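Below you'll find the structure, written out as structure tokens, and then a few comments.
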Amino acid sequence: MQAGALYGCDLVVRYFIDEAASGTAPAELLDAAPEPFDLPLTYGGVMQYTEQVGHRGLRWTAAGEDDGAFAAVAGTKVFDLDGSTVGTIEVVADIDQVTYLGTRLAHIGGGVDSGLTMASSFSWVRGEPEVADATRVEIRTGYSDRVVTSYFQVNLFRLGRVVLHAVVDTSASAVEDRTRLYLNGVRIPLDSFNDAIEPAQGAPLVLEPQSSLGVGNRAIGGRSPEGAIFYAAYYGRALSEEELEHNAGLLQIQDDAQP
């Protein structure tokens, strides 16, 4: 692999989200991986293409709306993740606001349940968050007997454009190693599991027949961020820490496709 290239081994999908200039509205996010799985874009009035300091992406002006990019995965290469014990989500985002119900950054799942999702939320007890409030990044994984939500305390409102990696590997002996989050290539400690439900060792991911892949939302809507997503990718394996650091370093510099 070239030193200046992103890792591509076991790449499932990769969306550079650089198809258009600011204020324009193309029809799809284009997949740069083999056998492209392009995502139709649904515009409802709060989403448009943006360019921020040379980085192209999609920007939402309100959280909790229906705009986003999504498509059903049944019968596609994405459904090959069904039954896997490993996977990695890679996202570049700049988030200003989220919902307490779990704003979707990159989502594979059915209407509510998740097969493999990166989301962000805040505690509903405190009401709508201010910029200074703590948020959390969630990794949501669906198995045959449970849905697991792993929480990581990350104040996305203060960070600007960041590279996030969600890594799943249920073969790990330590439960805290089965879902891991990295911010700009640095591991963030696990905070807790929702309702103390943990991923079982060796448990395979389950994608439902109605599962869809979404960027910035789920197929039934209601989970947009306020902010921008510049890049999203899925891998069919758990990237190593060396690979995560390599990709994070490149994506911090440039998250659009190279000529």
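The values are calculated or read from the model by the stated rules, or taken from the named source; none is laboratory data. A quick note: this is a predicted structure, and the numbers were derived from the prediction, not measured. Positions of Cβ are generated from backbone atoms using ideal geometry, with glycine treated the same way; all protein chains shown enter the neighbour counts.
Take the conditions part of a loop (DSSP other than H, G, I, E, B), under 17 Å from residue 121 (Cα atoms) and of a type in the set (A, V, I, L, M, F, W, C) and apply them to residue 164. Does it pass?
no
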Fill in the blank from the handout: From the option list 238, 248, 257, 203, single residue qualifying as crowded, with 18+ Cβ neighbours inside 10 Å, in contact (Cβ under 8 Å) with a residue 60 or more places away in the chain, within 23 Å of residue 30 (Cα to Cα) and not hydroxyl-bearing (Ser, Thr, Tyr) is 248
Practice task
Assess whether residue 242 counts as being touching an Asp or Glu at 6+ places or on another chain (Cβ under 9 Å) and farther than 25 Å from residue 135 by Cβ.
Solution key: no
Handout entry: Selection status of residue 27, at pLDDT below 95 and among the small types (Gly, Ala, Ser)
Key = yes
Practice task
For region 217-249, enumerate the residues that are under 21 Å from residue 50 (Cβ atoms) and either of a type outside the set (S, T, N, Q) or in a strand (DSSP E or B) (or both).
Solution key: 221, 223, 225, 226, 227, 228, 229, 230, 231, 232, 233
